[in-house]
Amino acid sequence: MALKTICVFCASALGVNAEYRMAAGELGSELARRGIGLVYGGATAGLMGAVADAALAGGGRVVGVIPHVLVDKEVGHSGCTELHVVDTMHTRKALMGERADAFLILPGGYGTLEELFEVLAWQTLRLHSKPMCLLNTAGFYDGLLSFLDGCVREGVLKPEARETLLVADTVDEALAKMEAAAQPAAD
C-alpha cells in the first residue's frame, strides 16, 4: 500500500527550539513533493500552521479538521484544500484517522500526546493497522521513549505493542520507515 495521506499530530505552538519549526516546514514541503496529502488539526498556529503552510506552498493537498471550540483560539486555516469544522474533539480525531494512511507525530504537548496514545490504543485493539512514527526532532521524545521502554520492563506494555511505534530523527527517515511499514509482509 502506498501512503497517499498522512495525519500529522503536533503542537499549536512553535516551541523554543527552531529545529521543531524547521522540521515541520521540511515535512510539509516533502509531503507536497511526494504527492502525499496532509491531514492535520486545521490551525494556522504553531507547528500545525508551519507544516500546513509548507505543504500548501509546495502545491500539496491539505485537509484540516478543527472543532468549533478551537476555531477562534487556534485560528482555523482558511487556505486548506479542505477545512472541516466539527462539533467535538472526538469527531476531529475520528475524521483525521479515517482520512489517513499513517500517523506522524511531531513535538507537542497534552493534545498531541493524547492523539498519539489514542491511535496507539486503537492499533493495540486492532481497530487499525496504520503505521505510526514519532519524529524525534532534537531528541524531543527521548524521555517519552525511555518511559515506554520502562513500561515494557515493568510488564505493563507488551514488547510487540511498543514496537508498533516507529521512531525517526529526520523527515526522510520517518517517511521511509512508514512507507516500509505500510507494505504488506512478504510470504
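Within the group 38, 47, 31, which residue is part of a helix (DSSP H, G or I), in contact with a strand residue (DSSP E or B) (Cβ under 7 Å, 6 or more places away or on another chain), within 26 Å of residue 90 (Cβ to Cβ) and modelled with pLDDT of 95 or more?
31 is the lone residue from the list that is part of a helix (DSSP H, G or I), in contact with a strand residue (DSSP E or B) (Cβ under 7 Å, 6 or more places away or on another chain), within 26 Å of residue 90 (Cβ to Cβ) and modelled with pLDDT of 95 or more.
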Please go through (1) touching a residue at least 24 places away in the same chain (Cβ under 8 Å); (2) aliphatic (A, V, I, L, M); (3) closer than 26 Å to residue 16 by Cα for residue 178 and return the number of the only condition it doesn't satisfy. (3)
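Do we find that residue 76 is modelled with pLDDT of 95 or more and not acidic (Asp, Glu) in this structure? Can you show your working first?
Working: modelled with pLDDT of 95 or more: no; not acidic (Asp, Glu): yes.
Criteria not met by residue 76.
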Within the range 116-136, residues being crowded, with 21+ Cβ neighbours inside 10 Å and without any contact (Cβ under 8 Å) to a residue 12 or more places away in the chain number 0
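The values are calculated or read from the model by the stated rules, or taken from the named source; none is laboratory data. What you see is a predicted model, and the numbers here were worked out from it, not measured in a lab. Don't worry about glycine lacking a Cβ; one is built from the backbone with ideal geometry, like all the others, and counts go over all protein chains shown.
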